[in-house]
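Below is one structure; the comments refer to it alone.
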Amino acid sequence: MFLSQRFDPSAVVVTTKSRRTDIAVLSFSVLAMLFVLLQSSLAFAKGAPESFADLVEEVSPAVVNITTTTKVAERVGPRGVVPEGSPFEEFFREFQDRSGPNNPRRPTSALGSGFVISEDGFVITNNHVIEGADEILVEFFDGSERAARVVGTDRNVDIAVLKVEADKPLDFVQFGDSDVMRVGDWVMAVGNPLGQGFSVSAGIVSARNRSLSGNYDDYIQTDAAINRGNSGGPLFNMDGRVIGVNTAILSPNGGSIGLGFSMSSNVVGPVVDQLIEFGEVRRGWLGVNINSVSDEMAQALGMDDATGAIVVEVFDGPAKAGGVMASDVILKFDGKDVSSSGELVRIVGATSVGKTVKVVVLRDGARKTLEVTLGQRPGEETLAQAAPETAPQETSVEGMTLSELTSELRDELGIDPATTGVVVTGVDDASDAAAKGLQAGDLITDAAQRDVTSVKDFQAVVTQTRDAGRSSLLLLVRRDGQPRFVVLELN
């Protein structure tokens with residue numbers, strides 16, 4: 001009995017099949033685990049490679065050094081200064097007269113970096129690298145040199161497009177999507193730091209959406225070493241795409257301390273396209289003066305978050321034609337969320353001239369969708385001289401003495417006939433209005449995003465604001481023709 005149970009063939013078969021099944025399941029599990037580990041390993045390798053060498057070999061033929069030459073007048077006479085009436089005065093004047101308008105010009109040089117974006121020879125660099133240059137020379141990775149001409153420049157984002165002629169297709173790189181880059185992603189900078197020749201540095205994205213001084217700024221901050229001479233060079237992602245143009249550093253000594261800034265490719269790309277097509281940048285123009293929404297403003301308007309761009313004034317142009325009004329808060333533009341006035345400027349500037357877009361605004365506590373056909377942004381001189389359309393907005397409430405806007409007050413205060421509002425003729429020193437800087441002569445044109453044409457209008461807005469449970473009121477006030485917003489606390 002014992003022997004027959006131990007050696008029963010069917011028992012042996014069952015046991016064998018069971019073990020085979022267990023082994024198969026185990027093998028599948030092990031393989032699945034190895035596959036996951038392999039995928040994780042590959043993903044990790046892409047984020048933090050063991051070496052950048054392959055990437056360097058791939059992109060380096062498209063990175064160039066740029067040398068510019070500018071001729072300046074050279075003085076050949078003595079440069080000393082002698083007292084008036086000195087016996088040497090005539091002597092020195094004789095020599096200095098020799099350095100007149102026909103004096104020889106001495107060439108000076110500057111160095112920078114750039115990169116090729118097409119096989120037919122379009123090259124990108126910073127505008128400040130080539131600005132004012134008489135001659136531009138592009139040196140390639142193989143040591144060959146070619147003269148370049150300027151196709152177009154844009155000082156707003158510090159970009160220049162150059163063109164070189166070549167007898168064969170050139171190696172080039174392409175722009176990537178800078179918007180997908182995250183803080184912590186690896187990047188690689190390539191260029192010509194301090195004139196030392198081709199050089200590579202690596203680091204990470206330290207911050208996004210940095211602004212330095214321009215209206216269209218959208219810099220990627222990186223700790224990859226960027227020095228003088230790197231200007232105009234590319235900042236690569238790990239796929240070999242250009243996601244930034246190295247433009248500036250912050251440093252107390254002129255050398256890299258890990259605060260480098262690259263203008264994002266999603267700003268540069270459209271600029272480059274227009275420079276190549278038109279030789280200039282044709283930016284979309286809305287025709288408004290805007291501010292970012294502050295926490296105080298958001299509270300006064302009953303907004304959950306301080307987001308969007310609030311319209312201070314509307315000029316004759318696309319916005320006015322499309323129905324945009326002062327005190328509107330622009331929340332969306334052409335399907336894109338607007339978080340601040342700076343972001344709206346960048347979005348509008350990157351939108352094609354003549355395009356009709358939907359603009360979502362907050363007005364009287366409700367969202368309203370408008371359609372605006374963008375114009376072309378005028379030159380800076382034209383914008384500086386542009387007169388505001390009608391009255392801006394600002395308001396005051398309790399603690400103020402208000403008056404209807406009479407013809408006498410218009411003449412006295414120099415207020416345009418088309419402007420409406422109520423005039424502040426006195427302010428209680430102990431009031432919040434005084435604390436917020438309101439004073440006699442201020443013109444309140446708007447309260448809580450509503451036009452104010454009479455004292456009665458203003459009082460009605462105050463009552464409605466209190467009834468809505470809000471303790472502050474957003475006013476639009478004009479002083480000497482200049483508009484500003486005031487958030488007034490209600491008693």
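The values are calculated or read from the model by the stated rules, or taken from the named source; none is laboratory data. Small disclaimer: the values here were computed from a predicted structure and weren't measured. Positions of Cβ are generated from backbone atoms using ideal geometry, with glycine treated the same way; all protein chains shown enter the neighbour counts.
Take the residues of region 346-358 that are free of Cβ contacts under 8 Å to residues at least 60 places away in the same chain and among the aliphatic types (A, V, I, L, M): which is nearest to Y216 (Cα to Cα)?
If we take residues in region 346-358 being free of Cβ contacts under 8 Å to residues at least 60 places away in the same chain and among the aliphatic types (A, V, I, L, M), then I347 is nearest to Y216 (Cα to Cα).
Residues are listed down the side, and each one gets a yes or a no for (1) in contact (Cβ under 8 Å) with a residue 60 or more places away in the chain; (2) of a type in the set (D, E); (3) in contact with a Pro (Cβ under 7 Å, 6 or more places away or on another chain); (4) in a strand (DSSP E or B):
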position: G114; (1), (2), (3), (4): yes, no, no, yes
position: G143; (1), (2), (3), (4): no, no, no, no
position: V151; (1), (2), (3), (4): yes, no, no, yes
position: I204; (1), (2), (3), (4): no, no, no, yes
position: R208; (1), (2), (3), (4): no, no, no, yes
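Among the helices (runs of 4 or more DSSP H) confined wholly to region 404-491, which include 3 or more residues that are hydrophobic (A, V, I, L, M, F, W, C)?
Result: 432-435, 455-467.
If M188 satisfies all but one of (1) in contact with a strand residue (DSSP E or B) (Cβ under 6 Å, 6 or more places away or on another chain); (2) over 24 Å from F52 (Cα atoms), what's the number of the condition it fails?
Of (1) in contact with a strand residue (DSSP E or B) (Cβ under 6 Å, 6 or more places away or on another chain); (2) over 24 Å from F52 (Cα atoms), only one is false for M188: (2).
Name the residues in region 255-282 that are β-branched (V, I, T), within 16 Å of Q376 (Cα to Cα) and part of a helix (DSSP H, G or I), would you?
Let us first name the residues in region 255-282 that are β-branched (V, I, T), namely 257, 267-268, 271-272, 276, 281.
Narrowing the set further to residues that are within 16 Å of Q376 (Cα to Cα) leaves 271, 281.
Hit for region 255-282 is V271, nothing else.
Among what's in region 267-304 and is more than 19 Å from the chain's Cα centre (by Cα) and more than 30 Å from R470 (Cα to Cα), pick the residue that is surrounded by the most Cβ atoms within 10 Å (Cβ to Cβ).
Top of the filtered list is I276.
In this structure, is V324 of a type outside the set (D, E), more than 18 Å from S206 (Cβ to Cβ) and not in a loop (DSSP other than H, G, I, E, B)?
Spelling it out, it is not the case that V324 is of a type outside the set (D, E), more than 18 Å from S206 (Cβ to Cβ) and not in a loop (DSSP other than H, G, I, E, B).
Give the residue that is surrounded by the fewest Cβ atoms within 10 Å (Cβ to Cβ), with candidates limited to residues of region 191-215 that are aliphatic (A, V, I, L, M) and within 28 Å of V138 (Cα to Cα).
Of everything passing the filter in region 191-215, L194 is surrounded by the fewest Cβ atoms within 10 Å (Cβ to Cβ).
Matching residues to (1) touching a strand residue (DSSP E or B) at 6+ places or on another chain (Cβ under 7 Å); (2) farther than 15 Å from S264 by Cα; (3) at pLDDT 90 or above; (4) of a type in the set (V, I, T):
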| site | (1), (2), (3), (4) |
| --- | --- |
| F175 | yes, no, yes, no |
| S201 | yes, yes, yes, no |
| I204 | yes, no, yes, yes |
| A207 | yes, no, yes, no |
| D218 | yes, no, no, no |
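Of all residues being in contact with a helix residue (DSSP H, G or I) (Cβ under 9 Å, 6 or more places away or on another chain) and small (G, A, S) in region 154-190, which is surrounded by the most Cβ atoms within 10 Å (Cβ to Cβ)? Just the residue, please.
That would be A160.
Hey, G317 hits all of (1) in contact with a Ser or Thr (Cβ under 8 Å, 6 or more places away or on another chain); (2) among the small types (G, A, S); (3) not assigned by TED's automatic domain parsing to the domain that holds L162 but one; which does it fall short on?
It is condition (1) that G317 fails.
Could we say that L443 is closer than 20 Å to G414 by Cα, crowded, with 19+ Cβ neighbours inside 10 Å and not assigned by TED's automatic domain parsing to the domain that holds G365 here?
yes
Report yes if G342 is in a loop (DSSP other than H, G, I, E, B) and either out of contact with any Pro (no Cβ under 8 Å at 6 or more places or on another chain) or over 24 Å from D217 (Cβ atoms) (or both), otherwise no.
no
Going through region 118-135 one residue at a time, which ones are assigned to a strand (DSSP E or B) and at pLDDT below 95?
Passing the criteria: only E135.
Please verify whether T307 is closer than 29 Å to V462 by Cβ, surrounded by 17 or more Cβ atoms within 10 Å (Cβ to Cβ) and not assigned by TED's automatic domain parsing to the domain that holds R182, treating the condition exactly as stated.
yes
List every residue pair whose Cβ atoms lie under 8 Å apart, where the two residues are 6 or more positions apart in sequence or sit on different chains, the first residue falls within region 320-345 and is in contact (Cβ under 8 Å) with a residue 60 or more places away in the chain and more than 20 Å from S294 (Cβ to Cβ), and the second residue, located anywhere, is of a type outside the set (S, T, N, Q) and outside any helix (DSSP H, G or I).
Here the result reads K320/G287; K320/V314; K320/E389, each pair linking region 320-345 to a residue that is of a type outside the set (S, T, N, Q) and outside any helix (DSSP H, G or I).
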